[in-house]
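The values are calculated or read from the model by the stated rules, or taken from the named source; none is laboratory data. Since this is a predicted model, take the numbers as computed values, not measurements. Every residue, glycine as well, gets a Cβ built from its backbone with ideal geometry; the counts of neighbours run over all protein chains shown.
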Amino acid sequence: MKFKELYCVAALASFLALTACSGEEESGENLMAEKSSNAMPEKAPQPASKELPTTLTAKPTPEPIAKDVSVEDEVTLTGSIIFKELEGGFYAFIAESGDRYTLHNLEEQFQQNGLIAKVTGVPKPKMMTFTQFGTVLQVTSVEIIDSSKVTNKIAIE
């Protein structure tokens, strides 16, 4: 007998809670509707101006033409040569502007971590590497500016 009484009380409480909640939602929606109607009076539609377009049209844009990089596109950058320990290690270059490059064809005498130099080379933006460190720069010449900050390359075993 106690189980039936407890079940009836729980069912009655649930029913009252649901009806109370639904009443609040309706009154809340009515209040929001009243506030929005009082706050913003409706404006009469403005007649269309002759200067404004009445239709939208899209014009196709031509794709850029790919340009082959040649020796004429050499760049000279000043910055730091650094050694990165990724995929067996590689030498990277961070220019003064903050641009990052992966150096290819860097002579062994310039493979010094921390070397500040002026590097001339041809950027290869379409070349992909495992390093994922900026644009590949095919080095043609290097001029040392400051070697006082050079640290030894960390041995990779």
Original post:
Any residue in the range 79-96 that is surrounded by fewer than 12 Cβ atoms within 10 Å (Cβ to Cβ) and assigned to a strand (DSSP E or B)?
Top reply: no
Original post:
Identify, please: which residue in the range 128-137 is touching a residue at least 12 places away in the same chain (Cβ under 8 Å) and either among the small types (Gly, Ala, Ser) or over 13 Å from Arg100 (Cα atoms) (or both) and is, among those, surrounded by the most Cβ atoms within 10 Å (Cβ to Cβ)?
Top reply: Gly134
Original post:
What is the number of the single condition among (1) in a strand (DSSP E or B); (2) at pLDDT below 90 that Gly121 does not meet?
Top reply: (2)
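Given the criteria modelled with pLDDT of 90 or more and on the phi < 0 side of the Ramachandran plot, does Ser141 qualify? Working first, answer last.
Values: modelled with pLDDT of 90 or more: yes; on the phi < 0 side of the Ramachandran plot: yes.
So Ser141 fits the description; yes.
Return yes when Leu6 is over 21 Å from Pro123 (Cβ atoms) and either modelled with pLDDT of 75 or more or in a helix (DSSP H, G or I) (or both) and no when it is not. Quick ask: steps written out before the conclusion?
On the way: over 21 Å from Pro123 (Cβ atoms): yes; either modelled with pLDDT of 75 or more or in a helix (DSSP H, G or I) (or both): yes.
In short, yes.
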Original post:
Counting just the residues of the range 97-120 that are closer than 10 Å to Thr78 by Cα and of a type in the set (A, V, I, L, M, F, W, C), which one comes out surrounded by the fewest Cβ atoms within 10 Å (Cβ to Cβ)?
Top reply: Ile116
